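To keep things clear, I will list the structure first and then write my remarks on it.
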């Protein structure tokens, strides 16, 4: 009897539940059409967001006519990211007042954080302008630029956090406070904006907009086009004339510089720093600086206002920018020790050396730090040991260069391609190993960041060569959660460890990011190109297919075609490859 009563009660509950459900359905049918439109739009906009709850929360204020406009949701996401980065900027400023007098390193780190937030706001301002001033067709056409700028915001956050010394109790407290109260939220909301932009083609199709949403065309280059057109799409037609000749004296004789730097007094300035202090702010045309032969021992930063600068020397053996600042001796953070730093977009360096002479025991000792969007280094030497090249953020291209070092000597969180260059592995300190690359991509798999090495030679320096089989050398390691590194069409000397890759370690010795990273190889040659004994991590893709490798060619990886940067590299008349190298 009691069992039947229980069944009856359950049946009654089910009937009531169905009735309630019917009521709800009937109620929703009579609901405000604007609310239904908003809910439908949010479902489409947030369908592929990594954090759908935060996506809905961030965009739920969209009302009225805007509820059916996909551009309104992009604008709202970018504004939310901006608002949160402003909070991080203000908190950095406040912490400088509260803690800036503690010690030199603390003051430097906080100033660095504030500066990184300024760069993040610059990137968000670029994004805001595109979304505000252009129709949805044009916004879609610039989705690659938007992805780059939003990815850069996250890289600036990382640079801020990396500067703090976790062994310093005061700095650790500040870092945790800054992260918990502002940086974490700013990052997550930026990822929401990045999710939307990355899925924009699908979103617009589901909104029923009849736009030309075909993917960017891929242009297969003949040998003639490859040599004569030069780089993929980044620099103006004027720059084609500037760089029309190959490296050497004849090329330099054809260029008329705006300013000459010479240690012997035969130019307008004796130091590069003095010359940069007179760089025209916000320059739209190409500004050319010739640095004559000499060793320039000065710590240099090209500030962001000095855009469109072409700096060239008398060759990497003659024009040398040098320094020796390093983390161990100078107690500096990662953002302030480079011998040469570039913060300006569309910067080009040619025929010069950038070096850090701190030596293998100098720990972090950066020779070149670069965060300039659409920047290029041609025919340059970048010389150091640990952390030689800090490819910090944004789109970067390196061609015909020599890059040397020991531990993580090509690292950062940028969209970087190194092509047709020589990677020189040096002899480290006793007990150390070599890792060529370390990518810091984190927070989202939709970032357009990573390091691609294409058509390069990986060799051991003279001092390492006799003991190259006793010292372990690896292609790289995943520095952060979503690290992305690809070696393709490159020659690998016989000294790379058969495992190929090595893990980052937590303080307790745990291997990190083995499942979430993306590490790949394609069509490499040399004795170390054999992948049969490589590590078996989930994140190691092994030898990828040609179709997958095409994602990392210049035209696709650097978004070198069909973007607002459509003249970035194309006009530089130096041989390059937009697709796979000629003959493949």
*Taking region 316-349 as the search range and keeping residues that are within 22 Å of residue 295 (Cα to Cα), touching a helix residue (DSSP H, G or I) at 6+ places or on another chain (Cβ under 8 Å) and in a loop (DSSP other than H, G, I, E, B), which one is modelled with the lowest pLDDT?*
336
*For residues in region 406-430 being modelled with pLDDT of 95 or more and on the phi > 0 side of the Ramachandran plot, which is surrounded by the most Cβ atoms within 10 Å (Cβ to Cβ)?*
412
_Could you tell me how many of the residues in region 534-566 are at pLDDT 95 or above, crowded, with 16+ Cβ neighbours inside 10 Å and part of a loop (DSSP other than H, G, I, E, B)?_
5
_Just to be sure I understand, how many residues within region 131-185 are under 26 Å from residue 391 (Cβ atoms) and either loosely packed, with under 13 Cβ neighbours inside 10 Å or within 20 Å of the chain's Cα centre (by Cα) (or both)?_
25
*Going through region 356-380 one residue at a time, which ones are crowded, with 24+ Cβ neighbours inside 10 Å and under 20 Å from residue 320 (Cα atoms)?*
356, 358, 365, 366, 367, 368, 369, 370, 375, 376, 377, 380
_Looking at region 120-139, I want the residues that are without any contact (Cβ under 8 Å) to a residue 24 or more places away in the chain and have a partner that is surrounded by fewer than 12 Cβ atoms within 10 Å (Cβ to Cβ) with Cβ atoms under 8 Å, at least 6 apart or on another chain. Which pairs are those?_
none
*Identify, from the list 236, 201, the residue that is out of contact with any helix residue (DSSP H, G or I) (no Cβ under 6 Å at 6 or more places or on another chain) and either closer than 20 Å to residue 444 by Cβ or at pLDDT 95 or above (or both).*
201
*Do you know which of the residues in region 278-307 that are more than 20 Å from residue 338 (Cβ to Cβ) and exposed (fewer than 14 other Cβ atoms within 10 Å of the Cβ) is modelled with the highest pLDDT?*
278
*Would you check if there is a residue in region 128-135 being at pLDDT 95 or above, within 14 Å of residue 194 (Cβ to Cβ) and not in a loop (DSSP other than H, G, I, E, B)?*
yes
*asked:* Looking at region 274-292, can you tell me whether even one residue there is in contact with a helix residue (DSSP H, G or I) (Cβ under 9 Å, 6 or more places away or on another chain) and farther than 28 Å from residue 122 by Cα?
replied: yes
*For region 39-80, which residues satisfy the criterion of being touching a residue at least 24 places away in the same chain (Cβ under 8 Å) and surrounded by fewer than 15 Cβ atoms within 10 Å (Cβ to Cβ)?*
47, 63, 64
*Qualifying positions in region 302-315 - within 16 Å of residue 284 (Cα to Cα) and assigned to a loop (DSSP other than H, G, I, E, B)*: 303, 304, 305, 306, 307, 308
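The values are calculated or read from the model by the stated rules, or taken from the named source; none is laboratory data. This is a predicted model, so every value here is computed, not measured. A quick note on method: Cβ atoms are made from the backbone with ideal geometry, for glycine too, and the neighbour counts reach across all protein chains shown.
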